[in-house]
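As structure tokens, the structure follows; a few thoughts come after it.
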Amino acid sequence: MDGTLVDSEKLWDVALQELAREYGGELSIAARRSIVGTSMAESMRILHDDLGQPERDPEASAAWINARILELFRGGLRWRPGALALLRAVRAAGIPTALVTSSGRPLVEIALDTLGRDSFDVVVCGDEVVATKPHPEPYLTAARLLDVPVGRCVAIEDSPTGVASALAAGAAVLAVPAEAPLPDMPGVHQVESLTGADLDLLTALLVNRAGATG
């Protein structure tokens with residue numbers, strides 16, 4: 001969701017930097033990139049460590065971030081380039097579709113006002129699984145709920161954490177970096193943006209994956 005479908009990572013930047021300043025520090029670029037795609041608990045650990053304040057209560061920090069990011073999300077979200085067109089094409093073709101995100105359900109409910117509640121057959125949130133990305137559970141859960149073999153799924157991701165989760169689950173992966181650069185990885189097709197991405201590309205990813213594993 002964040003950074004893949006909607007340009008919300010910049011809103012996370014605002015909230016995280018505001019909290020860092022509240023604690024008397026500044027979040028480094030490296031730490032911010034490490035946070036992209038992680039769970040809230042891991043994000044707060046990274047932030048605290050980066051500020052040299054590992055003793056801080058992660059639950060208190062998470063509550064602060066959640067309250068602030070809800071305010072920012074309510075101000076509106078912008079689509080990432082090409083994301084809406086691709087999502088519409090997928091839905092028009094009747095392809096089962098899941099939203100798999102590390103964000104919690106309250107935040108996702110606000111985002112769905114922009115994304116459209118009929119845009120997905122299944123929504124898997126970070127607070128609804130035992131293990132979050134980079135663990136494969138989120139994508140395995142989505143495939144199970146869609147009743148589709150995960151090997152016939154294409155996951156579209158923007159972060160190293162999300163890519164790792166999708167690969168571990170066994171999905172084909174289309175990577176479109178947003179805030180954090182992505183290294184070249186075997187089994188991952190990378191594009192600069194989703195502009196121009198279409199059903200033929202998604203089909204080719206599955207065909208190529210089947211050929212590589214067959």
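Remarks
- Estimated FRET transfer efficiency when R0 is 30 angstrom, pair A85-A212 (beta carbons, to 0.05): 0.60
- Using 0.36 nm per residue and subtracting the Cα-Cα separation, the extra length available between E192 and A93 on full extension is 33.2 nm.
- The calculated FRET efficiency for D49 paired with L112, based on their beta-carbon distance and R0 = 45 Å, is about 0.85.
- Ligands, DNA and RNA are left out, and with a 1.4 angstrom probe the accessible area of the range 60-214 is 49 Å² per residue.
- Each Cα pair under 8 Å and six or more residues apart adds its sequence gap; the mean of these over the residue count of the chain is a relative contact order of 20 percent.
- Rh by Kirkwood over Cα pairs, then Stokes-Einstein D for the range 8-75 at 0.692 mPa s and 37 °C, µm²/s: 279 µm²/s
- Of the solvent-accessible surface of the chain, computed with a 1.4 Å probe over protein heavy atoms with every protein chain present, carbon and sulfur atoms account for 54 percent.
- For the set H48, H189, solvent exposure ranked by accessible area (probe 1.4 Å, protein chains only) runs largest to smallest as H189, H48.
- The range 8-75: relative contact order as a whole-number percent, Cα under 8 Å and 6+ apart: 38 percent
- Solvent-accessible surface (1.4 angstrom probe) belonging to M1, in square angstrom, nearest 10: 20 Å²
- When each full DSSP H helix of the chain is screened for a Cα extent of at least 20 Å along its own axis and an average Kyte-Doolittle hydropathy of at least 1.0, the helices passing are 199-213.
- C153, C125, reordered so the largest accessible area comes first (probe 1.4 Å): C153, C125
- Between S103, S28, S43, the Gaussian network model of the chain with springs among Cα atoms under 10 angstrom shows the greatest mean-square fluctuation at S28.
- Stokes-Einstein D for the range 91-134, Kirkwood Rh over Cα pairs, 4 °C, 1.567 mPa s (µm²/s): 117 µm²/s
- Stretching the chain fully between M185 and R105 yields a gain of 25.8 nm (0.36 nm per residue, less the alpha carbon separation).
- A probe of 1.4 angstrom, applied to the heavy atoms of all protein chains, finds Y139 with accessible area near 30 square angstrom.
- Approximating the spin labels as points 7 Å out from Cα along Cα→Cβ, the R144-to-E128 distance works out to 1.4 nm.
- Over the range 83-213 - Rg/Rh using Cα atoms and the Kirkwood inverse-distance radius: 0.93
The values are calculated or read from the model by the stated rules, or taken from the named source; none is laboratory data. As the structure is a computational prediction, the values presented were derived from the model and not from experiment. Note that we place each Cβ from the backbone using ideal geometry, even for glycine, and neighbour counts take in every protein chain shown. Protein only, heavy atoms only, side chains kept; ligands, DNA and RNA dropped before computing areas. Shrake-Rupley method; radii C 1.70, N 1.55, O 1.52, S 1.80 Å.
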